[in-house]
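Working notes, beginning with the structure itself.
The values are calculated or read from the model by the stated rules, or taken from the named source; none is laboratory data. On a predicted model such as this, the values are computed, not experimentally measured, just so you know. Here the Cβ is made from the backbone with ideal geometry for all residues, glycine too, and neighbour counts use every protein chain on show. These area figures cover heavy atoms from the full protein model, side chains too; ligands, DNA and RNA do not enter into them. Shrake-Rupley method; radii C 1.70, N 1.55, O 1.52, S 1.80 Å.
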Amino acid sequence: MMTNLFSVFDPSTTIFNLSLNWLSTFLGILFIPYSYWFMPTRYQIIWNNILLTLHKEFKTLLGPTGHNGSTLMFISLFAFIVYNNFLGLFPYIFTSSSHLTLTLSLALPLWLSFMLYGWINHTQHMFAHLVPQGTPPVLMPFMVCIETISNVIRPGTLAVRLAANMIAGHLLMTLLGNTGPTMSMLLISVLLITQIALLILESAVAIIQSYVFAILSTLYSSEVN
């Protein structure tokens, strides 16, 4: 029985007080051996095409000043998040990306490393970013405050956006699923169609949120060069 609305998302499977549900984060490692097959599968061909498209897009966003190989980090980030999001759609698999513990652990070190790199190596460039071009002198102090606040809350918005979007759909599906036993056969048929539609929507959200997280991280990186 649920003690509260969000208790279904708690990592409650424990052995010797270890939260084993978090092991679902590492299930993506099982897909790595597929990339070493001599003859690539259809899955591998599709995945390679996706990675190539992402590489081209991230390379464009980073611009000519981007370091070689930096797209690999953002592609790996996208792959990690999309695997966790999709694994969470399967029954009895814990969705680690719906918790701020994981999303903040991804967003905060990325943002912090970008800030340290920018302020140490491109200090004047970072100061110039605080005042947008064409700002009247009277508004400059306010713009500096606004830009500083918007910069500081970036890791929080990245983390909350991913966690909230993942937990919202799962919560709706859980609530609808719990009403099933009390319904008539006709309403159960409608409920099943609704749940299938929600599952398709969640699959789209899983890809979109991974893409948004990776793209925003790339944009934040391109600003410090």
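Brief remarks follow.
- Per-residue packing, averaged as other Cβ atoms within 10 Å, sorts the ranges 172-178, 152-158 into the order 152-158, 172-178, beginning with the highest.
- Burial order of peptide ranges 63-74, 89-100 (average beta-carbon count within 10 Å, highest first): 89-100, 63-74
- Couplings for the stretch 108-119, taken from phi via the Karplus curve 6.51 cos²θ - 1.76 cosθ + 1.60 with θ = phi - 60°, read 5, x, 4, 4, 5, 5, 5, 5, 4, 4, x, 6 Hz in order; Gly and Pro are left as x.
- Computed over the chain: relative contact order in percent, which uses C-alpha pairs under 8 Å that are six or more apart: 28
- I120 contributes an accessible area of around 120 Å² to the protein surface, as traced by a 1.4 Å probe with all chains present.
- Under a Gaussian network description of the chain, with springs only between Cα atoms under 10 Å, the residue in W22, W47, W37 that fluctuates furthest is W37.
- Positive-pole candidate from T101, W22, G180, dipole of the chain, charges at beta carbon: W22
- Extending 7 Å from the Cα toward the beta-carbon at both I207 and T135 defines two label points whose distance is 3.9 nm.
- Computed from phi, the 3J(HN,Hα) profile of the stretch 142-155 under the Karplus parametrisation 6.51, -1.76, 1.60 (θ = phi - 60°) reads 5, 5, 4, 5, 5, 5, 5, 5, 5, 6, 5, 7, 4, x Hz, with x in place of Gly and Pro.
- Estimated from the Cβ-Cβ distance and a Förster radius of 35 angstrom, the FRET efficiency linking I29 and T65 is about 0.55.
- Added length on full extension, which subtracts the Cα-Cα distance from 0.36 nm per residue, L72 to L191: 38.6 nm
- D_trans [Stokes-Einstein, Kirkwood Rh over alpha-carbon pairs] for the chain, 10 °C, 1.306 mPa s, µm² s⁻¹: 78
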